[in-house]
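Notes follow once the structure below has been shown.
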Amino acid sequence: MAIRILAFVALVAATISHQVAPAQEATGLASISVPEGFTVELAATPGLSSYPMFMEFDEAGNLYTAESTGADGKAKEHIEHPTYMVLRLSDTDSDGVYDTKTVFADALSFPMGVLWHQGSMYVASPPDFVRLKDTTGDGVADEREILLTGWNMFNSASLHGPFLGPDGWLYLTHGRHGYDITSKEGVHFEGTASRIWRCRPDGTQLERMAGGAFDNPVEITFTDAGETIGTMTYFRDPAQGQRDALMHWVEGGVFPKPGDSMSEFVRSGPLMPTMTKFARIAPAGLMRYKGHAWGGEYKDNLFSAQFNPHRVQRHLLIREGATFRTEDSDFLTSSHADFHPTDVMQDADGSLLVCDTGGWYVDACPVSRISKPESVGGIYRVRKTDVTDAPDAWGKDIDFQAESVKDLIHFLSDERVQVQRQAFNQLVLRGDEAVNPLVKLMMPKVVDMKRLEEEAEEKGEIDEEEEEEGGGEELPKKANKAYSDSGALRLQATWILGQIGGEEADAEVRRALSDSDFRVRIAASRLSGLNTDRQAIPALSALLFDPNAAVRRQAATSIGRLNGVEAGYMLYMASAYAVDPHESHALIYASIKLGVDKVARLVLNHPHPAIRRAAVISLDQMEGEHLAVEDILPLLSDSDDALRETAL
C-alpha cells in the first residue's frame with residue numbers, strides 16, 4: 001500500500017512539473033522578426049564581438065565596433081580605470097560574415113560613438129574627444145590624440161559621437177552632466193545643460209549648436225540637404241505614454257524639457273517642438289538609408305535602434321513646413337528580453353547591420369534591473385530578398401587616389417553608395433584642383449541649345465554627317481558632361497565646394513543660392529554661414545522670401561551667423577510669413593544675434609502682430625536692457641493671443 005501511494009505521489013508531481021515548466025525563451029536569431037521580403041542572419045562569427053555598442057566602416061569595408069567589457073561600473077571607475085575598446089572586424093572571405101578581429105584601441109572610458117574619416121578614427125571617450133590613427137596598417141592604432149576634453153560623465157548619458165555632417169564638421173552630443181572646456185582657440189565653455197556640439201576635424205572652432213534641459217541626446221544623422229536629426233531621451237518626464245523623441249536640431253534651438261539649466265540659453269520664444277514622440281524606449285543609433293538598393297521607397301528613410309522595446313523602427317521622413325514629421329513602423333523586433341539594439345547602419349550592398357549590446361547594462365537604465373553579462377549580444381545583418389548585390393560594392397577595384405578629378409566626379413553618380421562616399425572624400429582632398437571641374441558641373445540645366453551646338457560645330461565636336469542622321473539633336477558631348485540636370489549631383493558638388501573653400505569655391509556656393517533645387521539652396525545657405533562668407537548676405541536676404549520654408553529657415557540662420565545687420569529689417573518683415581516654430585525661431589534668433597535694437601524698435605508698433613512679437617522677444621533677449629514697462633503694457637490687451645502670451 002505504501003509503495004502504491006509513493007508511486008501515485010511521484011506521478012502527480014511529475015505531471016505538475018510538466019504542466020508548469022516554462023517554455024524556453026528564444027534567443028539570438030530565433031527571437032528576431034523582420035518584415036516579409038527580408039531575411040536576418042549573423043554578421044559576425046560567434047565570440048568575435050561581445051557587448052557591441054556603436055559601429056562604423058572604413059573605406060575598405062572593415063567594421064569598427066565600440067565595445068564594453070560587460071562590466072557595468074560607475075562613471076568614476078570608467079574614467080579612472082578605462083577598460084572599454086574599439087575592435088576592427090574583417091570579412092576575409094567576403095561572405096558577409098566578419099571572421100577576424102584586432103583590438104584597434106583599448107583603455108577607453110565609455111566609447112559611445114565611432115567615426116572613420118580621412119584615415120583617422122574619432123571616438124568619444126568622456127571626458128575626452130579622441131583621434132586615433134593606425135600608421136603601420138596592422139589594424140591597431142598607434143597614435144592617440146586628445147582633441148578636446150572637459151565633458152563630464154556620470155553615466156551613459158554623456159558624450160556621444162562624433163557624426164560627420166555633409167558640411168565637413170564633426171557633431172557631438174552630450175547629456176546634462178555639465179562641462180568645462182577650453183577650446184583650441186582659448187575660448188572657455190562652461191555649463192550644465194545638454195548640448196549639441198560641433199567642431200572641425202582637427203578640433204578647432206568648437207561651438208554649441210543647440211541644447212536644453214532634456215536628459216540625453218544620443219546619435220545624429222543628416223538629410224541630404226544637411227538638416228540635423230537625432231535621437232534623445234526625456235523631452236518630458238514620463239507621462240501619457242511619452243518620454244523620448246526624435247528631434248530636428250536647429251542652430252540656437254532650445255528644446256524640451258524645462259529645467260534649471262534653461263537660464264544658460266538665449267530664447268526665441270517657447271521651447272522648440274518635438275518632431276517624433278516616443279514612449280520610454282531609450283532610442284540610440286540612428287541612420288538615413290542612402291541609395292536605391294532596396295528600391296525608391298526606402299531611400300532617405302530613417303532607422304532607429306531602440307534599447308528598451310528590443311526593436312529597430314523605420315521612419316518615413318516627410319517635409320512639413322520648415323521641419324519634418326515621420327510615419328513610424330516596426331522593422332526588426334526581438335522577443336528576447338536581453339536583446340538591446342544600440343546601433344543600426346547601412347553596409348555597401350544596401351543591407352543593414354544591427355548591433356545588440358546584450359544584457360550587461362543596468363546603470364541609469366530605469367527598465368533594466370539586473371545585469372546579465374552572460375548575454376553578450378551580437379551583430380546581425382538584414383537583407384532584402386529580391387536584391388542582387390552590385391559587383392565590387394566597396395569599390396575595392398578602384399584606386400581613388402590615382403583617379404582623375406573627371407573620373408571622381410563621374411563616380412559621384414555611381415549607384416554604389418560607398419563608391420560615391422569615397423569619390424566625395426577624395427574630391428575634397430584634391431582641393432583647388434577639383435574646383436573648376438565642379439564649377440562646370442554646377443552650370444544651370446537650362447542652356448541655349450542652339451548656341452552650344454554652333455560652338456560645338458565650330459570646334460569640330462559634331463560631325464556634319466552625324467548631324468544629318470539626327471546626332472545634332474543631342475547636346476554636344478562636352479556640353480552634356482559640363483551641364484548637370486541632376487539636383488542630387490549638384491547637391492554633392494555644393495557640399496564638396498563648401499568643404500574645399502577658397503575664393504572660387506565660395507563664389508560657386510553663392511551662385512548655388514539661386515539653384516532650382518531647394519535642397520541645393522538649403523545646403524548653400526548653410527555653407528555660406530559656416531564658412532563666414534559675408535558676400536552671401538544679399539542673396540541670403542532674398543531667400544528670406546523663398547517659396548520653400550526650409551530654405552527661408554536656413555537663410556535666416558546664416559544671416560545671424562554672418563552678423564548681417566543690413567538684413568535686420570528684412571528678418572522682422574519675414575516673421576509675418578513664418579509657417580511654423582522652426583522658421584519663426586530662425587528669424588528671431590538671427591535678430592537677437594544681430595543685436596540691433598534700433599531696427600527692433602522701428603517695427604515694435606508694426607501692424608502685423610507676428611512682427612511686433614519678434615521685435616519684443618528680440619529686445620528682451622539682446623544683451624543689455626532694451627525693453628521698458630511702457631513697451632509691454634499695450635501688448636497685454638492686444639487681440640493677438642501669441643503676442644499677449646509673449647508680453648506676459
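The values are calculated or read from the model by the stated rules, or taken from the named source; none is laboratory data. Note that the structure is predicted; figures quoted are calculated from it, not measured. Counting neighbours? That spans all protein chains shown, and the Cβs are built from the backbone with ideal geometry, glycine included. Only protein heavy atoms, including side chains, enter the accessible area calculation; ligands, DNA and RNA are left aside. Shrake-Rupley method; radii C 1.70, N 1.55, O 1.52, S 1.80 Å.
Test Gly285 against the stated conditions and say whether it is in contact with a Phe, Trp or Tyr (Cβ under 6 Å, 6 or more places away or on another chain) and crowded, with 22+ Cβ neighbours inside 10 Å.
When the stated conditions are applied, Gly285 does not pass them.
Out of the residues in region 82-111 that are surrounded by 22 or more Cβ atoms within 10 Å (Cβ to Cβ) and aliphatic (A, V, I, L, M), state the one that is farthest from His160 (Cα to Cα).
Leu89
Do we find a residue being at negative phi, at pLDDT below 95, open to solvent by 20 Å² or more (accessible area, probe 1.4 Å) and over 27 Å from the mean Cα position of the chain (by Cα) anywhere in region 411-428?
For region 411-428, residues at negative phi, at pLDDT below 95, open to solvent by 20 Å² or more (accessible area, probe 1.4 Å) and over 27 Å from the mean Cα position of the chain (by Cα): absent.
If Leu164 satisfies every condition in (1) under 29 Å from Arg526 (Cβ atoms); (2) open to solvent by 20 Å² or more (accessible area, probe 1.4 Å); (3) out of contact with any His (no Cβ under 6 Å at 6 or more places or on another chain) but one, which is the exception?
(3)
Which of the residues spanning region 112-157 are in a loop (DSSP other than H, G, I, E, B), of a type in the set (Gly, Ala, Ser) and buried (at least 22 other Cβ atoms within 10 Å of the Cβ)?
Gly113, Ala141, Ser156, Ala157
Just checking, which of Ser486, Ser528 is polar (S, T, N, Q) and modelled with pLDDT under 95?
Every option except Ser486 fails the conditions.
What residue, among those in region 102-156 that are among the β-branched types (Val, Ile, Thr) and touching a Gly at 6+ places or on another chain (Cβ under 8 Å), is nearest to Gly285 (Cα to Cα)?
Val123
Go through region 292-307 and report how many residues are assigned to a loop (DSSP other than H, G, I, E, B) and buried (at least 20 other Cβ atoms within 10 Å of the Cβ).
3
Quick one: count up the residues across region 246-273 that are open to solvent by 10 Å² or more (accessible area, probe 1.4 Å) and either of a type in the set (Lys, Arg) or more than 26 Å from Met622 (Cα to Cα) (or both).
Number satisfying all stated conditions: 2.
Residues are listed down the side, and each one gets a yes or a no for (1) among the aliphatic types (A, V, I, L, M); (2) under 19 Å from the mean Cα position of the chain (by Cα); (3) outside any loop (DSSP other than H, G, I, E, B):
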{"position": "Met247", "(1), (2), (3)": "yes, yes, yes"}
{"position": "Gly252", "(1), (2), (3)": "no, yes, no"}
{"position": "Ser263", "(1), (2), (3)": "no, no, yes"}
{"position": "Ser268", "(1), (2), (3)": "no, no, no"}
{"position": "Pro273", "(1), (2), (3)": "no, yes, no"}
{"position": "Gly285", "(1), (2), (3)": "no, yes, yes"}
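Since Phe265 meets every condition but one in (1) among the aromatic types (Phe, Trp, Tyr); (2) out of contact with any helix residue (DSSP H, G or I) (no Cβ under 8 Å at 6 or more places or on another chain); (3) farther than 30 Å from Glu645 by Cβ, which condition does it not meet?
Of the numbered conditions (1) among the aromatic types (Phe, Trp, Tyr); (2) out of contact with any helix residue (DSSP H, G or I) (no Cβ under 8 Å at 6 or more places or on another chain); (3) farther than 30 Å from Glu645 by Cβ, the odd one out for Phe265 is (3).
Please find, within region 39-81, the residue that is most open to solvent (accessible area, probe 1.4 Å) out of those that are among the acidic types (Asp, Glu) and closer than 11 Å to Phe110 by Cα.
Once the filter is applied, the top-ranked residue is Glu77.
Just a yes or no: is a residue in region 326-336 open to solvent by 20 Å² or more (accessible area, probe 1.4 Å), more than 30 Å from Arg552 (Cβ to Cβ) and part of a loop (DSSP other than H, G, I, E, B)?
yes
For Pro201, indicate whether it is open to solvent by 20 Å² or more (accessible area, probe 1.4 Å) and out of contact with any His (no Cβ under 9 Å at 6 or more places or on another chain).
In short, no.
Would you mind listing the helices (runs of 4 or more DSSP H) fully within region 552-634 where at least 1 residues are open to solvent by less than 10 Å² (accessible area, probe 1.4 Å)?
The qualifying helices (runs of 4 or more DSSP H) are 568-574, 581-594, 597-602, 609-621.
If the requirement is being within 23 Å of the chain's Cα centre (by Cα) and part of a loop (DSSP other than H, G, I, E, B), which of these qualifies: Gly186, Gly168?
After applying the criteria, what remains is Gly168.
Provide a single number: the residues in region 637-648 that are out of contact with any Leu (no Cβ under 7 Å at 6 or more places or on another chain) and open to solvent by less than 80 Å² (accessible area, probe 1.4 Å).
4
Looking only at region 512-542, count how many residues are in a helix (DSSP H, G or I) and surrounded by fewer than 17 Cβ atoms within 10 Å (Cβ to Cβ).
5
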